[in-house]
Amino acid sequence: MHELVLAQDLLKKIMAGAASKGLKRIKYARVRIGETLIHDQTELEALFISVSKNTIADGINLEIRIAPLKGFCAKCGAEFDASFNNMNCSKCGSKDINIAQGNEIKIEEIR
């Protein structure tokens, strides 16, 4: 179910990006999806094909890049690679961190 909602959201973002460029047909899109959002890339790709049927994105060549989880320490300002198991700052050990990357959907290119 999660991947279906993600596929639908991804299609909406791609369609909006295409509309802003005046595209009548989308042949290719490169997207970056944060690792916190995606559970099964293969399932997401299959569901995207399904939800994009009969739209201007039908038959699109979709390239998905996974953005790794990165943290930003509110205490010392360090940016570091994070994981679900360890969200402490790698520099000072603080637990006062913000997610800097890894929970986004970004359209990098559409044509």
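Every read-out reported here was derived from the displayed coordinates using simple, explicitly stated rules and does not represent laboratory data. Here the structure is a predicted model, which is why all the values come from computation and not from measurement. Note that we place each Cβ from the backbone using ideal geometry, even for glycine, and neighbour counts take in every protein chain shown.
How many residues are loosely packed, with under 12 Cβ neighbours inside 10 Å and either outside any strand (DSSP E or B) or acidic (Asp, Glu) (or both) if we restrict to the range 97-111?
Initially, the range 97-111 is screened for residues loosely packed, with under 12 Cβ neighbours inside 10 Å, giving 98, 108-109.
Applying the additional criterion that residues be either outside any strand (DSSP E or B) or acidic (Asp, Glu) (or both) yields 108-109.
Residues meeting the conditions: 2.
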Item checked: Selection from the range 57-96 of residues that are polar (S, T, N, Q) and surrounded by 13 or more Cβ atoms within 10 Å (Cβ to Cβ) -> Asn88, Ser90, Ser94
Notebook entry, point to check: What pairs can you find where one residue is in the range 80-95 and among the acidic types (Asp, Glu), the other is assigned to a loop (DSSP other than H, G, I, E, B), and their Cβ atoms are less than 7 Å apart, with a gap of 6+ or different chains?
Noted result: Asp81/Pro68
Item checked: Among (1) in a strand (DSSP E or B); (2) out of contact with any Asp or Glu (no Cβ under 6 Å at 6 or more places or on another chain), the one test that Arg25 misses -> (1)
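Is one or more of the residues making up the range 60-68 over 29 Å from Asn98 (Cβ atoms), touching a residue at least 12 places away in the same chain (Cβ under 8 Å) and not aliphatic (A, V, I, L, M)?
At the first step, the residues of the range 60-68 found to be over 29 Å from Asn98 (Cβ atoms) are 60-62.
Among the residues that remain, those that are also touching a residue at least 12 places away in the same chain (Cβ under 8 Å) are: 60-62.
Next cut, not aliphatic (A, V, I, L, M) only: 61.
Within the range 60-68, one or more residues are over 29 Å from Asn98 (Cβ atoms), touching a residue at least 12 places away in the same chain (Cβ under 8 Å) and not aliphatic (A, V, I, L, M).
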Next item on the list: Would you kindly identify the strands (runs of 3 or more DSSP E) lying entirely within the range 43-87 that contain at least 1 residues that are touching a Ser or Thr at 6+ places or on another chain (Cβ under 7 Å) and among the aromatic types (Phe, Trp, Tyr)?
Entry: 79-81
Next item on the list: Tell me which of these Val5 doesn't satisfy, since it passes every other one: (1) surrounded by 16 or more Cβ atoms within 10 Å (Cβ to Cβ); (2) among the hydrophobic types (A, V, I, L, M, F, W, C); (3) over 18 Å from Glu108 (Cα atoms).
Entry: (1)
Next item on the list: Would you be able to tell me the number of residues in the range 42-59 that are closer than 11 Å to Leu4 by Cα and touching a residue at least 12 places away in the same chain (Cβ under 8 Å)?
Entry: 7
